[in-house]
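Reading through the structure tokens given below for one structure.
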Amino acid sequence: MLDQFILLLIAFNGLGAQAVAPKCTPAPGRMAERVEGEVLRGEGFSKATPSGWILKLVPVQKGWFLEIAMKGRETEDLSRLTPPWHFVPNAREIEGWHFRNEDNTGPNEGSVNAPQELRGFIFSPQVGRGIEYNGSATSSEDVTKVQAFGRGWLHLDEFRLTPPRRGERASFERIKFSACLTWPAG
């Protein structure tokens, strides 16, 4: 089951350019809230939804790292069980080099295995309260529980990268994004 979910998440994150963000609508038995924002290089972003979920973009050298928290647990990342954890970039790692080719001279046309505009993630308030990331010993049951609770996506609606320079890695100058968080109703 975990293997199938990871493959689905990798496929979801590898869809490539999607010009328009998906709709953020609740499915039967689930709630949904949308977050939109814009952030410049080196700046952080944090916005709480009406239900108390907090979407954060934490600045890193080449872009941002996405975290989900909640009111009362603002310093915890409830999305840290989002796979994959090794070998390819995690969808929560939003870095400019994902959008350039290997030598940073043009757009990524598939030569760099990295998530593109649409990025999926999972989250749960049980993370850190009985469910924890434990490297390769993280159980598939725990990941399944997290995925059953909270699912979301972040879409890069617009972005600007640093100029292409052969042999360097691109960074983001700015991004404009929309995101959607869904969780069980009630």
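Taking the chain as a Gaussian network, Cα atoms linked when under 10 Å apart, which of Lys62, Lys71, Lys176 shows the biggest mean-square fluctuation?
Comparing Lys62, Lys71, Lys176 in a Gaussian network model of the chain, the most mobile one is Lys71.
Return one whole number: the accessible area per residue of the chain in Å², for a 1.4 Å probe.
Numbers: 9300 Å² over 186 residues.
Roughly 50 Å² per residue, with all protein chains present.
Loop-only GluC sites (Glu not before Pro) in the stretch 129-171, please: DSSP not H, G, I, E or B, and at most 15 other Cβ atoms within 10 Å.
Glu132, Glu168
Over 21 Å, how big is the tail of the calculated P(r) for the chain, in percent of all Cα pairs?
Percent of Cα pairs beyond 21 Å in the chain: 49.
On the protein heavy atoms, probe 1.4 angstrom, tell me the percent of accessible surface of the chain carried by carbon and sulfur.
Here carbon and sulfur together make up 53 percent of the probe-accessible area.
Are there any chymotrypsin sites (Phe, Trp or Tyr not before Pro) in the stretch 26-104 that are in a DSSP loop and have at most 13 other Cβ atoms within 10 Å? List them by number.
Here the chymotrypsin sites (Phe, Trp or Tyr not before Pro) that fit, given the DSSP loop and packing criteria, are Phe87.
Rounded to the nearest 0.05, what FRET efficiency is calculated for Arg34 and Phe65 with R0 set to 22 Å and r the Cβ-Cβ distance?
Computed FRET efficiency for Arg34 and Phe65 comes out at 0.60.
Helix-derived [θ] at 222 nm for the chain: sum -39500 (n - 2.57) over DSSP H runs of at least 4, divide by residue count, nearest 500?
So the calculated ellipticity at 222 nm is -3500 deg cm²/dmol.
The values are calculated or read from the model by the stated rules, or taken from the named source; none is laboratory data. Keep in mind it's a predicted model, so treat the numbers as computed, not measured. When we count neighbours, we look across all protein chains shown, and the Cβ atoms used for this are built from the backbone with ideal geometry, even at glycine. We work out accessible area using only protein heavy atoms, side chains counted, and drop any ligands, DNA or RNA first. Shrake-Rupley method; radii C 1.70, N 1.55, O 1.52, S 1.80 Å.
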